[in-house]
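Written out below as structure tokens is the structure these notes cover.
Only the coordinates and a few stated rules stand behind these numbers; no lab work does. Predicted model, so just to flag it, every value in this text is computed and none were measured. Counting neighbours? That spans all protein chains shown, and the Cβs are built from the backbone with ideal geometry, glycine included.
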Amino acid sequence: MWFVGVLLFASWSHAQGVWTYVDAQGVTHIGNASPPTGKHLQWLIFDKRVNKVSPNPLPPQLTRFAGYADVRPLLESAALRHDLDPALVAAVAAAESGFRPDAISPKGAIGLMQVMPSTAVRYGVSAPSPQQASALLKDPVLNVQVGVRYLADLLRMFDGELELAVAAYNAGEGAVWRHGRRIPPYPETQQYVKRVMHLYRAL
């Protein structure tokens with residue numbers, strides 16, 4: 001796993017882009033305000049007004065989701081950054097939150113990609129209190145970066161087996177390993193995998 005040193009994020013709709021660099025200790029830093037000088041920066045995600053990732057019309061399967069057009073450039077940019085199929089990322093975000101940045105699940109998963117605070121901590125996201133951590137994860141830029149990076153790691157962990165990675169995204173990778181590297185026998189997870197794969201194949 002890579003760990004991310006996260007700086008405070010401004011509102012994503014006002015950001016001109018998200019930058020990253022690796023310091024001398026090998027720590028990856030990411031932010032979207034006040035880029036540091038004297039660093040070799042890479043730019044990850046650009047404001048939807050600046051960088052239209054896909055000129056294609058909205059897929060008909062996603063037109064019923066009111067927020068998809070607004071977050072589409074963000075999802076596609078993150079997917080391409082992590083060598084994922086944008087259609088897979090869109091399918092996961094649709095199943096997770098219906099593309100709602102303010103979504104919060106009964107279990108405490110937050111935002112577009114329904115990131116658990118404990119997952120965010122694995123990628124270096126930290127805050128003085130749970131409330132502040134939740135507030136950070138409501139930022140679509142940060143939320144999508146963590147969620148897509150986690151999905152990419154799960155795909156590597158399960159050798160590119162999409163259904164296992166999707167199941168692990170829902171139930172945790174430990175549940176997939178405990179059940180013999182199979183989709184766990186949880187009705188919620190099994191239905192989730194079917195929904196994501198249906199959306200993905202349709203896209």
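Table for the structure above
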item: Gain on full stretching of the segment that runs from Arg181 to Ser118 - 0.36 nm per residue minus C-alpha separation; result: 20.5 nm
item: Mean-position separation - Cα centroids, the range 72-116 and the range 130-157, in angstrom; result: 9 Å
item: Residues whose placed amide H lies under 5 Å from that of Val115, excluding near-sequence neighbours; result: Ile110
item: Derived scalar couplings ³J(HN,Hα) [the range 171-177; Karplus, 6.51 cos²θ - 1.76 cosθ + 1.60; whole Hz; x for Gly, Pro]; result: 9, x, 5, x, 5, 5, 5
item: Nearest-0.05 FRET efficiency for Arg201 and Asp159, computed from C-beta distance (R0 22 Å); result: 0.65
